[in-house]
Amino acid sequence: MTTRFTPKFWKPGTAGPGQGLQEERQSTKDAEAQPVKYNPNQSMSIEQQRQKLPVFQHRSHILYLVERYQTVVIIGETGSGKSTQIPQYLLEAGWAAEGHVIAVTQPRRVAAITVADRIAEERGTLLGDEVGYMIRFDDCSDPNNTRMLFLTDGMLIREIMKDPLLRKYSIIMVDEAHERSINTDILLGLLRKIQKKRNDLKVIVASATLNAEEMRDFFNSNDTKEPLNDTATILTVEGREFPVDIHYLLDPHPDYLKATVETVMKIHFNQREGDILAFLTGQEEVQRVVSMLIDEAKKLKKDDLKMKVLPMHGSLPASEQMKVFERTSRYVRKIVVATNIAETSITINGIVYIVDCGFVKIKAYNPTSGIESLVIVPVSQASANQRAGRAGRVRAGKAYRLYTETAYDGLPESTVAEMQRSDLAPVVLQLKALGISNVLRFHFLSAPPAQNMLRGLELLYALGALDDNGNLTSPLGLQMAEFPLSPMFAKMLLVSGEFGCSEEALTVAAMTQIQNVFVTPSGQKIRMDKAKRRFSCEEGDHVSLINIFNAFLKYGKNSKWCHEYFLNYKGLCRAVEIRNQLHRLLKKYNVPLNSCEDNVDAVRRCITASFFSNAAKLHYTGVYKTVRDEHVLNIHPTSVLFPEAPPQWVVFNEVVQTSKDFMRDMTVIKPEWLCELAPHFYQLGTERELASKKLKTDTDEEDD
Ligand code: CDP
Ligand code: MG
């Protein structure tokens, strides 16, 4: 049933209001943020808990399908037991016999660890023995004993580099496939290829929501000889579901933050008991709406039903995340204000009402400017329906969409896969390293735009990773492909010895991998900024990061000292760890280990030699424009170069888009360095075009 509520005004489809600056370090790189797992059956024995999960009913059917088919697509709600149970069923059924390993991939590092940890607990074994995990910079598995291995999808791609047929593995379960991360998509394409050569390799694709038919057909089309192509199938694990009424706005609303607060309050006053879940696009929005709702809660009269307002996003400490799962008394209504984390990653019991702002923050890539950024865009219909479905799990629910029904009809059916909106240089590099010379013909579940592919090829050529024929160069290209960092960072480290600054480059690489260098307790921003200035220098953020790291070491990695300077102690410890690993890699590749001491120009030049495609020049109007495409950019407020006298020329690591496009992690450079260090890119334009043409024509052979 569809009903309408209060008329308002706002243009859906326009970049929404209320997108304040994201002060947290939001990265287009894989985030460390991870939701906690809530276990409603905690009080039961492990065996009882396992049997209570919805997948348990399907245990023998799953095992039958895995025997009968090469690929099984399993769809089941979050919490139904896919990740923790299916690998154990497979183990119990003998799929890890004769030294074989059952691999389960996760898009996020933390998920790989927590699922492995949970299974080890369920089995009463030590993590790293029968159950292990393997993520970038951290291997907790035993090559002789590990039977169930949890790894990030990127790590499994690395395993394919070592053994293209993955002979050690009997089954690969690709988990959380609905996220359609770049690495998941590459992996699916590779597994499909491997299955052609190894028909004993089983693949399970597990997902909370997904276009299951599309996935099945992708794997079915594998077998071109058989007329029936019946090698893949679908299994759905149903949860309990009640109807959810959808309500739309009659007219658009100009501010979805305000609209969220108004709608929550309207529900609170007019609807019977039942908890509310509101979706917003980011941490900062969540915090703002939470404080607005707390203000409203203070205005409640004595006899009114009370409100308990809780934020939910990935950067909250686990103890705070757990609060959203706690039950409230009959006289209190729980209101959870969440980011997209609540769409598929967690299930909060007792939610009856949904408020959906209609937007989501995703990564986007502009192939013209070559810039990847985070943007807020309207959700897809599939997302909106998934959000609505978070209600109705205990009884009939209602979903309030803060947009009109016409706007809903105009939304894209499903979210564009990350593959189609990302910088593809890392993908191309990886595929090349896997021996797929013709990347444009690689069979993807959803092929990325050819223009993005070409842009990736071109950048790799300019970085010196590809030669004129589009093959990986040796040793630079091969080493870059092996390096567990994006191509530009890999290049920076691999050439840093030549610039005499590998120690500093290692620090820059490690420090930019952590999410928040500084932490801001609420109300202390001014003091935090002051602390930050003590490490800041005019050369930019990278050199400032080196200062912070060196000071951290100088003061003995002291947590108190970090606290005093608002530094993220855990993050810095992680940077030390990552740096050690990268250090070992440089040694392995015989990169000279040296320090430029006070000669910061050496690091700046080294950064320029790898980040040259992200160069921008100050325009007289006060904004920056990229050197190559005149794309307008601004200095991010978290940069040490903000708001002091802006430098003329900079290179940057990444772009974050909120109200504008902001450059983050910047280094001040000299313009002549660009021509000197990146001649392919800036000086010999014609040569670059020739190379790119050559790459373009290199597409004849069928690579499937
Ligand atoms: O993968 P899926 O979302 O279908 O479910 P799962 O991760 O296998 O989790 C199934 C259940 O195991 C959860 O609902 C929790 O009750 C429990 N669990 C837990 O207590 N701790 C974990 N780290 C993971 C799962
Ligand atoms: Mg799961």
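The values are calculated or read from the model by the stated rules, or taken from the named source; none is laboratory data. Predicted model, so just to flag it, every value in this text is computed and none were measured. Cβ atoms come from the backbone with ideal geometry, glycine included; neighbour counts cover every protein chain shown. Just the protein is used for accessible areas: all its heavy atoms, side chains included, with ligands, DNA and RNA removed. Shrake-Rupley method; radii C 1.70, N 1.55, O 1.52, S 1.80 Å.
Going by a ≥ b ≥ c, the root eigenvalues of the Cα gyration tensor, does segment 447-598 fall in the rounded group (a/c under 1.5), the prolate group (a/b larger than b/c) or the oblate group? Write out the running numbers ahead of the final one.
Values: a/c = 2.57, a/b = 1.78, b/c = 1.44.
Prolate shape, in that a/c is at least 1.5 and a/b is the bigger ratio.
Cysteines without a disulfide-compatible partner in the chain, using Cβ under 4.7 Å as the rule?
C140, C357, C537, C562, C573, C606, C675
If I stretch the segment between K554 and K625 completely, what's the gain in nm (0.36 nm per residue apart, minus their alpha carbon distance), one decimal?
21.7 nm
Suppose the Debye formula is applied to equal point scatterers at every Cα of segment 236-388; what is log10 I(q)/I(0) at q = 0.12, 0.16, 0.18 Å⁻¹?
-0.54, -0.93, -1.16
How large is the charge dipole for segment 447-598, taken about the Cα centre, if only the Cβ atoms of Lys, Arg (+1) and Asp, Glu (-1) carry charge, to the nearest 20 debye? List each step's numbers first, then the result.
Working: 17 positive and 15 negative charges, 199 e Å.
The calculated dipole for segment 447-598 is roughly 960 debye.
For the pair W561/I294, report the inter-label distance in nm, with labels modelled 7 Å from Cα in the Cβ direction.
Label at W561, label at I294, 3.3 nm between them.
Could you state the orientation-averaged shadow area of the convex hull built on the Cα atoms of segment 54-237, in nm² to one decimal? Write down the numbers at each step before the final one.
On the way: hull surface 38.0 nm².
Across all orientations, segment 54-237 yields a mean hull projection of 9.5 nm².
Return the FRET efficiency for the residue pair K302, S43: r is the Cβ-Cβ distance, R0 is 60 Å, and the value is rounded to the nearest 0.05. Please list the in-between numbers first.
Numbers: r = 36 Å, r/R0 = 0.60.
After rounding to 0.05, the efficiency reads 0.95.
Heavy atoms only, probe 1.4 angstrom, no DNA, RNA or ligands counted: give me E122, E538 ranked by accessible area, highest first. Write out the running numbers ahead of the final one.
Working: E122 25, E538 150 Å².
In descending accessible area the options line up as E538, E122.
For the chain, give the magnitude of the charge dipole about the Cα centre (Cβ charges: +1 Lys/Arg, -1 Asp/Glu; no others), in debye to the nearest 20. Intermediate results must be reported in sequence, preceding the final value.
Working: 86 positive and 87 negative charges, 436 e Å.
Charge dipole of the chain: 2100 debye, to the nearest 20.
Run the 1.4 Å probe and let me know the accessible area of R605, rounded to the nearest 10 Å².
60 Å²
Send over the semi-axes of segment 370-514's equivalent ellipsoid, whole angstrom and largest first, taken as the square roots of 5 times the C-alpha gyration tensor eigenvalues.
On the way: eigenvalues 329, 79, 33 Å².
Each semi-axis is the square root of five times an eigenvalue, giving 41, 20, 13 Å.
Subtract the Cα-Cα distance of R327 and D139 from 0.36 nm times their separation in residues, and report this length gain in nm to one decimal. Write out the running numbers ahead of the final one.
On the way: separation 188, 0.36 × 188 = 67.68 nm, distance 3.77 nm.
Stretched out fully, the R327 to D139 stretch lengthens by 63.9 nm.
Report, by chain and number, residues whose modeled amide H sits under 5 Å from the one on Y403, excluding near sequence neighbours (fewer than 5 apart, same chain).
Counting only residues 5 or more places away or on other chains, the set is L249.
Which sequence of V377, V519 reflects their accessible areas, 1.4 Å probe, from the largest down? Display every interim value, and only then the final one.
Details: V377 40, V519 65 Å².
I get V519, V377, largest accessible area first.
Kirkwood Rh and Cα-based Rg: tell me the resulting Rg over Rh for segment 311-397, rounded to two decimals.
On the way: Rg = 15.7 Å, Rh = 14.8 Å.
Taking Rg over the Kirkwood Rh, I get 1.06.
Label points 7 Å out from Cα along the Cβ direction at F269 and N471: separation in nm?
Taking the simple label geometry, F269 and N471 are separated by 7.4 nm.
With every protein chain present, what accessible area does W95 have (1.4 Å probe, heavy atoms only), rounded to the nearest 10 Å²?
W95 has an accessible surface of roughly 40 Å² with all protein chains in place.
Give the long-range amide H neighbours of H631: residues separated by 5 or more places, or on another chain, with amide H under 5 Å away, using H modelled in the peptide plane at 1.01 Å from N.
Sorted by chain and number, the residues that satisfy this are T626.
Work out how much length N349 to R395 would gain on full extension: take 0.36 nm times their residue separation and subtract the Cα-Cα distance, in nm to one decimal.
Extra length available between N349 and R395 comes to 15.5 nm.
With both partners inside the chain, how many of the DSSP beta bridges are antiparallel, as a percent to the nearest 5?
Details: 29 of 90 bridges.
Of all bridge pairs located within the chain, approximately 30 percent are antiparallel.
Rounded to the nearest 5, what % of DSSP beta bridges with both residues in segment 352-457 are antiparallel? Please report the intermediate quantities before stating the final value.
Details: 8 of 12 bridges.
Percent antiparallel among DSSP bridges in segment 352-457 is about 65.
If D598, D661 are ordered by their accessible area, calculated over protein heavy atoms with a 1.4 Å probe, which sequence runs from highest to lowest?
Details: D598 145, D661 20 Å².
Solvent-accessible surface, decreasing: D598, D661.
What span do the alpha-carbon atoms of the chain cover on each of the three principal axes, reported in whole Å from largest to smallest?
Ordered largest first, the chain gives principal extents of 70, 63, 51 Å.
Any idea of K525's accessible area? Nearest 10 Å², probe 1.4 Å.
K525 exposes around 90 Å² with every protein chain in place.
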